[in-house]
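Undergrad: Just dropping this structure here.
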């Protein structure tokens, strides 16, 4: 079980300096993070340690992370919001 303190900490860490990132990361933290397995929760925390400009490029699909695991998490977040 994921602790409320952990979710709250990640909620604030998910709030970035760019609205485009906020609208992806904040709802993901609130609605999905607690359902992830430990590996993906750790991966999400790693993603939040990345620079905003890098993440912006990844989420806007202008570039990809050199780390395939981070790119997998980006894809997981995008798949949640993009129509199929």
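The values are calculated or read from the model by the stated rules, or taken from the named source; none is laboratory data. Computed from a prediction, not measured in an experiment: that's the story for all the values here. Cβ placement follows ideal geometry from the backbone for every residue including glycine, while neighbour counts extend to all protein chains displayed.
Undergrad: In the range 34-82, what residues are under 21 Å from residue 7 (Cβ atoms) and in contact (Cβ under 8 Å) with a residue 40 or more places away in the chain?
TA: Result: 77, 80, 81.
Undergrad: For the chain, list the helices (runs of 4 or more DSSP H) that sit wholly inside it and hold at least 1 residues that are surrounded by fewer than 13 Cβ atoms within 10 Å (Cβ to Cβ), on the phi > 0 side of the Ramachandran plot and at pLDDT below 95; which are they?
TA: The helices (runs of 4 or more DSSP H) meeting that bar number zero.
Undergrad: Out of 20, 31, I need the residue that is out of contact with any strand residue (DSSP E or B) (no Cβ under 9 Å at 6 or more places or on another chain) and in contact (Cβ under 8 Å) with a residue 12 or more places away in the chain. Which one?
TA: Numbers: 31 fails: in contact (Cβ under 8 Å) with a residue 12 or more places away in the chain.
That would be 20, the only listed residue that is out of contact with any strand residue (DSSP E or B) (no Cβ under 9 Å at 6 or more places or on another chain) and in contact (Cβ under 8 Å) with a residue 12 or more places away in the chain.
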